[in-house]
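Okay, here's the structure, questions in a sec.
The values are calculated or read from the model by the stated rules, or taken from the named source; none is laboratory data. These numbers were taken from a predicted model, which means no experiment stands behind them. Glycine also receives a Cβ, built like all others from the backbone with ideal geometry; neighbour counts cover every protein chain displayed.
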Amino acid sequence: EKGGHDYFMLKEIEEQPAGVADTLIGHFSHDRDGGRIVLDEQRLTDQELREIDKVFVVACGSSYHAGLLAKYAIEHWTRLPVEVELASEFRYRDPVLDRSTLVVAISQSGETADTLEAVRHAKEQKARVLAICNTNGAQIPRESDAVLYTRTGPEIGVASTKAFLAQVTANYLLGLALAQARGTKYPDEVAREFAELEAMPKLVARVLETAPQVRAIARELAQVRTVLFLGRHVGYPVALEGALKLKELAYIHAEGFAAGELKHGPIALIEDGLPVIVVMPSPKGRTVLHSKLLSNIREIQARGARTIVIAEEGDETVRPFADHLIEIPAAPTLFQPLLSTIPLQVFAAEVAQTRGYDIDKPRNLAKSVTVE
Ligand code: F6R
């Protein structure tokens, strides 16, 4: 049942190409104009989607990190303002909601109490609610106006891996569906983005081939006390997710930072031998961000940090500053998290296993958190 692995989590990491592909299936219908994105349980009309003037994404833990990524895609494609909020904070601060607000609730289990209460609060305020969920018929989708299911199969490992990647995939579908309903993208542009998404599972599979290299690095670093993760733009939520995986599985202090914040404080933490994992943006396109991150790595390496860099294949500029270089295939910027997250999952799992921990059942954690 674990597909030859010692742990479900390892099997679930390997199921990610299929999880991304399956989440896309049936969501694009070809027509004369190119085609249309179709959601699952769509109880919201295109007219209602056109009336939306702001989006809140609410979720917890890894699902919250997926939510942070939704913001980049939805704002870029739809020009709608998006706020991402921890579900446990959302309803306690009297958020400004009305019928032209779309609240997107992301939950693997569909039963997380904090997220469910955020959905109920949103509905009381007459906001429209759309759920992104991995569990058919769970409470959160039942109480929502529309649903987009992540179709990656049940996730058994307590730490989210394949569900996270599927949630990120679903975010893109939602972003494109909103762009199409609101006319901010032409049908052929939507079709082109969807085709790029359909190409991602193959690239996800290629990133899995880096696992032996990542595991070797993890075994070398397994006894460290702290690991820092840095990223920018879509690499920032990936850094947060990498840090969360390491905390929950390996019980090591880990923090994710937006690399631009380094000089505003965290750089004081850098000392000899401190491992810092950096998620590099593509050297193409966002060259400003790329060069800024490059100077960040140079800075921390000069202060003695041990740098583990995840960068696009062929990005030779990082090599001099990377004590370890993990190469991932080139992908459209918005979709890069589908690739860059994977080495961080493998890293956390291997550190935890080297330390002798049960990676399917980390201490003090439950798969579904049904109390607030
Ligand atoms: C981390 C993890 C948790 C969940 C969080 C939300 O690996 O699994 O942080 O992401 O408890 O759970 P769902 O998505 O079921 O609402």
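Can we say Asn171 is under 15 Å from Asp40 (Cβ atoms), in contact with a Leu (Cβ under 7 Å, 6 or more places away or on another chain) and either within 15 Å of the ligand (Cβ to nearest atom) or of a type in the set (Val, Ile, Thr) (or both)?
Values: under 15 Å from Asp40 (Cβ atoms): yes; in contact with a Leu (Cβ under 7 Å, 6 or more places away or on another chain): yes; either within 15 Å of the ligand (Cβ to nearest atom) or of a type in the set (Val, Ile, Thr) (or both): yes.
Yes, satisfied.
Take Ala330 and decide whether it is at pLDDT 95 or above, within 15 Å of Val207 (Cα to Cα), in contact with a strand residue (DSSP E or B) (Cβ under 7 Å, 6 or more places away or on another chain) and among the small types (Gly, Ala, Ser). Give the derivation first.
Numbers: at pLDDT 95 or above: yes; within 15 Å of Val207 (Cα to Cα): yes; in contact with a strand residue (DSSP E or B) (Cβ under 7 Å, 6 or more places away or on another chain): yes; among the small types (Gly, Ala, Ser): yes.
Yes, satisfied.
So, in the range 15-65, of the ones that are closer than 30 Å to Ser88 by Cβ and among the basic types (Lys, Arg), which residue ends up surrounded by the most Cβ atoms within 10 Å (Cβ to Cβ)?
Among those that are closer than 30 Å to Ser88 by Cβ and among the basic types (Lys, Arg), it is Lys54.
While we're on this one: Which pairs turn up if I take residues in the range 153-168 that are of a type in the set (Phe, Trp, Tyr) and look for partners that are within 11 Å of the ligand (Cβ to nearest atom) and assigned to a helix (DSSP H, G or I) with beta carbon separation below 8 Å, at least 6 apart in sequence or on another chain?
Going by the 8 Å Cβ cut-off, the qualifying pairs are Phe164/Ser62; Phe164/Ser63; Phe164/His65; Phe164/Ala66; Phe164/Glu241.
While we're looking at this one, here's another question. Can you tell me which residue within the range 4-14, out of those that are of a type outside the set (Ser, Thr, Tyr) and either in a loop (DSSP other than H, G, I, E, B) or out of contact with any Ser or Thr (no Cβ under 7 Å at 6 or more places or on another chain) (or both), is surrounded by the most Cβ atoms within 10 Å (Cβ to Cβ)? Give the steps one after another, and end with the answer.
Keep residues of the range 4-14 that are of a type outside the set (Ser, Thr, Tyr), which gives 4-6, 8-14.
Now drop any that are not either in a loop (DSSP other than H, G, I, E, B) or out of contact with any Ser or Thr (no Cβ under 7 Å at 6 or more places or on another chain) (or both), which leaves 4-6, 8, 10-11, 14.
On the way: Gly4: 7, His5: 13, Asp6: 12, Phe8: 21, Leu10: 23, Lys11: 19, Glu14: 19.
The residue in question is Leu10.
Which residue, of Glu220, Glu189, Glu196, Glu241, is more than 25 Å from Pro154 (Cα to Cα), under 20 Å from the mean Cα position of the chain (by Cα) and acidic (Asp, Glu)? Step through it out loud before you land on a result.
Working: Glu220 fails: under 20 Å from the mean Cα position of the chain (by Cα); Glu189 fails: under 20 Å from the mean Cα position of the chain (by Cα); Glu241 fails: more than 25 Å from Pro154 (Cα to Cα).
Within the list Glu220, Glu189, Glu196, Glu241, the selection yields Glu196.
Please find, within the range 79-103, the residue that is surrounded by the most Cβ atoms within 10 Å (Cβ to Cβ) out of those that are in a strand (DSSP E or B) and either within 13 Å of the ligand (Cβ to nearest atom) or not aliphatic (A, V, I, L, M) (or both).
Kept after step one, since they are in a strand (DSSP E or B), are these residues of the range 79-103: 82-86, 101-103.
Subset that is either within 13 Å of the ligand (Cβ to nearest atom) or not aliphatic (A, V, I, L, M) (or both): 83, 85-86, 101.
Details: Glu83: 15, Glu85: 18, Leu86: 15, Thr101: 21.
Looking at residues that are in a strand (DSSP E or B) and either within 13 Å of the ligand (Cβ to nearest atom) or not aliphatic (A, V, I, L, M) (or both), I get Thr101.
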